[in-house]
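Structure first, commentary second.
The values are calculated or read from the model by the stated rules, or taken from the named source; none is laboratory data. Everything quoted here is computed from the prediction, not taken from an experiment. Every residue, glycine as well, gets a Cβ built from its backbone with ideal geometry; the counts of neighbours run over all protein chains shown. Side chains included, ligands, DNA and RNA excluded: accessible areas come from the protein's heavy atoms. Shrake-Rupley method; radii C 1.70, N 1.55, O 1.52, S 1.80 Å.
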Amino acid sequence: MTEFEELGVNEPLRRAIEEMGFEQPMPVQEKVIPGLLHGDHDLVALAQTGTGKTAAFGLPLIQRINLNEHEPQALVLAPTRELCLQIAGDLADFAKYIDDLQVLPVYGGSSIESQIRALRKGVQIIVATPGRLIDLINRGVVQLHGVHTVVLDEADEMLNMGFVDSINDILSHVPQQRRMLLFSATMPSEVARIAKRFMKDPEEIVIGNRNEGAKNVKHIYYMVNARDKYLALKRIADNSPSIYAIIFCRTRRDTQEVADKLIADGYNAEALHGDLSQQQRDIVMRKFRDRVVSMLVATDVAARGLDVDDLTHVINYGLPDDTAVYTHRSGRTGRAGKTGVSVAIIHSREKGKLREIERIIGKKFERREVPTPAHIIEKQLYNLADRLERVEVNEEEINKYMPGISKKLAWLSTEDLIKRVLSLEFNRLLNYYKDAPAIDFIDEKPVKEKKGAKDRGPRSDKEKDRRTADRGMARIYVNAGKADGFFAGNLIELLNKNIDGQRVDVGRIDLLPGYTLFDVKKGDARRVTGALSGTEFFGKRLYSEIADKEKDYAKASKRKRK
């Protein structure tokens, strides 16, 4: 088995990384370190986040620094403040036993004066976000004429964030004879163009296959109706008692709403999105890293550069349009040789997007049934039993209270006592999941027998099904439909505009040519019909009522149109 010594890593670095728990080089380190230490060519490395790439470029970078020179000799560019800080911290840890090596993180959102003071004292390695580095270059406080190595980390993310012009500007201040290293999780054509534009005949190293997901990640999906996505998310969380997850949403609004619902339902969750200030972001991320928060609900942009080990799940509450984004999401779990799970909660219209992701990453998603209440309760109870087995008992302190407690509980048998301890958890779960329905989407359509026109019979069963609300909901009728240019967005807009007080959640919507049927919670039904009746939609006066299962709204609608 290869050792770091065989790769050429010197003794002070080996001592530091051994203390950090590095035992054997990871594949990306075996392939990259010798070339960076002994070669002189440019390098493109395709490797997932969490595969050990910071050490792959960081160890040889540190070893090649001339400690007698107190000017920048190596530059690492990262797309986000969080990644910049993480890389700089790792490099400082690697260099623990190397005196006089100075590593400086340079990023926005922090005092530029303190960064200027550090630069004037002399640093050999700068880890920077492009925007702040350009600011310092323009102020004349950063001189890059001594830089012999430039690393672009997470190049695909830098591309997504629009940093191409900034990179070009920065490289114009670096000697032409520089050596360049580009690390990326995926290789879209735009990243290939960056390599061609800025690098000279680079060697390409691929850990795994181009654009594939991390090898240790299992990809699964649950298919539910769109209105049941949050219920599915809760069941997934309840079925994983030790969950430590990032939940990705498509928009800031969805992110905040999902986080608010989770918090209201008693989960340790927080939202991370672009509307938060930098101070708020730092607090949220610190709580998540410290595991005070076990579920972080985030947008892709806000989570860039967030580097957290030991995630159990990455949950796609909304699938991204770009497969490369999915690869980045899923690559946040199953890191450093550990296994992880990437979950997609989808509705039937997202099935095509899922298949496209499968095709590009070269992996199949396993369809799972949403955990049933019985399975969740069993899982939670076994988890409680495990915790009881493993709990540390402070014999000295607890013994003070044992005589009194034993006397109070002496009438209970051992079995009764166990039942009561477990029921502390069991009763809450049982009450919540009592009569909870199955929420999986059944996408197999029944085969219909063809009938002649005379044999078709009434469509009453189909019509009755439309007029029947889902469990716990009321079905609402409104006399506007697709023929009036009335669609779901118009309905939601009218409800938001005309209903006072708490917002109404809308469930299943059936848009028909002459009318619309939709579900709301039973307690909101009267409020909704009262708010809609009498309003106007482009000159049409609206009428709304709680739907009658026996009423033929299709026939009534046709009569009115005649």
Sequence-distant residues sharing a close amide H with Tyr221 (under 5 Å, placed H): Ala344, Glu366, Arg367, Arg368
Members of Lys31/Lys96; Lys31/Lys218; Lys31/Lys351 lying beyond 29 Å, as alpha-carbon distances in this model show: Lys31/Lys351
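Around Glu18, what is the net charge, scoring Lys/Arg as +1 and Asp/Glu as -1 over all other residues with Cβ under 14 Å from its Cβ? Spell out each step's value before the answer.
Details: positive: Arg14, Arg15, Lys96; negative: Glu3, Glu5, Glu11, Glu19, Glu23, Asp93.
Spelling it out: positives minus negatives among the neighbours equals -3.
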Packing-based ranking, highest mean first, of 72-79, 475-482 given that Cβ atoms within 10 Å are counted: 72-79, 475-482
Nonlocal amide H pairs with Ile315, under 5 Å, H built at 1.01 Å: Ile246, Ile247, Phe248, Val343
Qualifying aspartates and glutamates (Cα of each under 18 Å from Cα of Lys522; at least 8 residues distant if same chain): Asp228, Asp435, Asp465, Asp470, Asp500, Asp505, Asp510, Glu545, Asp548
Average accessible area per residue (Å²) across the range 356-418 - probe 1.4 Å, nucleic acids and ligands excluded: 80 Å²
For the range 470-513 versus the range 242-263, the gap between their alpha-carbon centres in whole angstrom: 25 Å
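With the full set of protein chains in place, find how many percent of the accessible area of the chain is carbon and sulfur; take the probe as 1.4 Å. Let's see the in-between values first.
Values: 14280 of 29360 Å².
Carbon and sulfur: 49 percent of the exposed surface of the chain.
By the scheme Lys and Arg +1, Asp and Glu -1, what is the net charge of all other residues having a beta-carbon under 12 Å from that of Thr251?
Details: positive: Arg250, Arg252, Arg253; negative: Asp254, Glu257, Asp275, Asp300.
Residues close to Thr251 contribute a combined charge of -1.
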Karplus 3J(HN,Hα) series, Hz, for the range 233-241 with 6.51 cos²θ - 1.76 cosθ + 1.60 (x for Gly, Pro): 4, 4, 5, 4, 5, 5, 7, 10, x
Chymotrypsin sites (Phe, Trp or Tyr not before Pro) restricted to DSSP loop in the range 1-71 with at most 12 other C-beta within 10 Å: none
Listed peptides 169-180, 145-156 by packing density, highest first (mean Cβ within 10 Å): 145-156, 169-180
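Quick one: if the Förster radius is 35 Å, what FRET efficiency do Ile220 and Leu512 give, using the C-beta to C-beta distance and rounding to 0.05?
Values: r = 36 Å, r/R0 = 1.02.
The value I calculate is 0.45.
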Listed candidates (1) 37.9; (2) 30.5; (3) 27.9 - label of the one calculated as mean projected area of the Cα convex hull in nm²: (1)
Inter-label distance, nm, simple model (7 Å from Cα along the C-beta direction), Asn66/Arg526: 8.5 nm
Contact order normalised by residue count of the chain, Cα under 8 Å, 6+ apart, percent: 12 percent
Distance between the range 102-136 and the range 1-61 - C-alpha centres, whole angstrom: 25 Å
For the range 95-202: accessible area per residue (Å², 1.4 Å): 44 Å²
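Rounded if a/c is under 1.5, else prolate if a/b is larger than b/c, else oblate: which is the range 71-136, with a ≥ b ≥ c the root eigenvalues of its Cα gyration tensor? List each step's numbers first, then the result.
Working: a/c = 1.86, a/b = 1.28, b/c = 1.44.
Note, shape of the range 71-136 comes out oblate.
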Residues with amide H under 5 Å from that of Val293, placed H, sequence gap 5 or more: Phe288
Per DSSP, loop GluC sites (Glu not before Pro) in the range 65-152 with at most 15 further Cβ within 10 Å: Glu69
Neighbourhood charge, 12 Å Cβ-Cβ cut-off, centred on Ile263 and excluding it, Lys, Arg +1 and Asp, Glu -1: -3
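With every protein chain present, what is the per residue accessible area of the range 1-94 (1.4 Å probe, Å²)? Write down the numbers at each step before the final one.
Numbers: 3650 Å² over 94 residues.
Here the residues of the range 1-94 average 39 Å² of exposed surface.
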Mean ellipticity per residue at 222 nm, deg cm²/dmol - from DSSP H runs of n ≥ 4 across the chain, formula -39500 (n - 2.57): -12500 deg cm²/dmol
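Going by average Cβ density within 10 Å per residue, which order do the peptides 10-19, 30-39 take, highest to lowest? Mind showing how you got there, number by number?
Values: 10-19: 15.5, 30-39: 18.3.
Descending packing order for the listed peptides: 30-39, 10-19.
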